[in-house]
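The values are calculated or read from the model by the stated rules, or taken from the named source; none is laboratory data. None of these values were measured; they are calculated from a predicted model. For neighbour counting, all protein chains shown are included, and Cβ atoms are generated from backbone atoms with ideal geometry for every residue, glycine included.
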Amino acid sequence: MSIVYALATPPAKSAICVFRVSGEGCLDKIPALFGLPPKEHGFFCVRDLTLNMSIVDNVGLISFKGPKSYTGEDSFEVYGHGGLGVMSLIMDAFHSVGFEEAGPGEFTKRAYLNNKLTLNESESVLDVIDSSSKKEVFLASQSLSGAFTKKVHEISKKIDFLRVRVEAEIDFSDEGEVFLDQGLVKDLEDLVVEYEVFVSGCFNKKELGTKKSAIFIGPPNSGKSSVFNRLLGFERALVSEVAGTTRDLIESEVFYNDLSFSIIDSAGMRDTSDEIESKGIDFAIDKISEADVVLGVFENDDLSLLDGLVDLLKGKVFISILNKTDLRQKTESSFDCSVSAKTGEGFDGLKKLLTKTFGENIDDQSLYMVRDRHIKLFKHSIESIKKSMGCLVSNGDMEIAAEELKISRACLDDLVGVKSSDDVLGDIFDNFCIGK
Ligand SMILES: Nc1nc2c(ncn2[C@@H]2O[C@H](COP(=O)(O)OP(=O)(O)OP(=O)(O)O)[C@@H](O)[C@H]2O)c(=O)[nH]1
Ligand SMILES: [Mg+2]
């Protein structure tokens, strides 16, 4: 396989950038790039990376001798200063010694092909990176840790063992003996129970759906942008005392209490002859239908604005927020929550309300994060065991009973990737980012 490299950190100015290189022969190129070979594999050292005899950067270098590496191949990582110019020159240096740019998921694909990861573990790598809540991270990491694969292997072995017993029944009947091992059906039943308990602990990533969002709406100047900024913790949207300041939709991601979602600021709603402002109001109205939660921000009890939005708000979660509490006396209010974007008062309550509204949709019984592909294979596999059981109970064709167990086992082989077609591999690894 060719020697490939990739930037593993984002291509943006940052403290450090990390490059990965993998492929047989890559360690031999280290002296050409860094002047000296690495001191010892698996240990960090500092070297000058050069290009055309000029020093590009003083970098950290760590090398790994295959198979003791992520990909299973000889590989190394370079930790440079995180400037865009440095990144570009490091790439030039790699090209100068014949390294090629890696495609998406190339490193994990090589790890899979070199038996460092099973196919489901490779998928879990992406799930860990994609996780946006603590619960998701724990579930995806548990799937990656090997515990999940171990359980799949355990079940595979049990299916194999039961299939051997069914095959033995076939051999017995060939010899004219009519004898059914009664324990066999019971053992198949027990396996189905064990299998179903295991699958019930698997959370299908698909159920997380797309990221949830909440849109701020309200009359001009009620403080939507101020509340939006305070929730984010920084000045993302422009704030001014001029009514009609916000025109475009402004979207940002927030992460609270183990939960992440998008919040969207929008233009204040009013009748206006200003063409641009009016367009902004149309954007806001259109966006309401896409949002999961609508946050109405008001500075007084006049909610007449909502009269024109009744149809749009049907079926939506609507949270009414009274803002600018610092300007009024504390009185009983019919709003869901009262805040002051100026002082921060009431924001703990608003955050709690949002967390409760978006909620965590992963149930507490879940142990592993899986994908639709896995669930389909589990279902097929369990169905086949049940069909096999059905054959045995009804004194049906034993050959079919054995064949069904073979199919059941094959589903688990597909899951861990014992033999996977290039199409399946393409579907899985093409979704990775470069450098992973
Ligand atoms: N005293 C006080 N003033 C606030 C508060 N929140 C916002 N303001 C002020 O109210 C004015 C309008 O705030 P914005 O956040 O721009 O209001 P908006 O609803 O986004 O306005 P548009 O984008 O024009 O619709 C600004 O002068 C803010 O400083 C608050 O809690 N207390
Ligand atoms: Mg605004």
Q: Return the residue satisfying two criteria in turn: it lies in region 224-239 and is assigned to a loop (DSSP other than H, G, I, E, B) and near ligand 2 (Cβ under 8 Å from one of its atoms), and of such residues it is surrounded by the most Cβ atoms within 10 Å (Cβ to Cβ).
A: A237
Q: Filter region 260-275 down to residues that are buried (at least 19 other Cβ atoms within 10 Å of the Cβ) and closer than 30 Å to V137 by Cβ and give me whichever is nearest to ligand 1 (Cβ to nearest atom).
A: D265
Q.
I'd like to verify a number: residues in region 108-140 that are of a type in the set (S, T, N, Q) and within 10 Å of Y368 (Cβ to Cβ), how many?
A. 2
**Q.** Which listed residue, of S278, S334, is assigned by TED's automatic domain parsing to the domain that holds K224, more than 14 Å from ligand 1 (Cβ to nearest atom), more than 32 Å from the chain's Cα centre (by Cα) and among the polar types (S, T, N, Q)
**A.** S334
Q: Name the strands (runs of 3 or more DSSP E) wholly inside region 255-362 in which the number of residues that are hydrophobic (A, V, I, L, M, F, W, C) and either within 16 Å of ligand 2 (Cβ to nearest atom) or modelled with pLDDT under 90 (or both) is 3 or more.
A: 259-265, 293-298
**Q.** In region 225-249, the residues that are in contact with a strand residue (DSSP E or B) (Cβ under 6 Å, 6 or more places away or on another chain), of a type outside the set (F, W, Y) and modelled with pLDDT of 95 or more
**A.** S225, V227
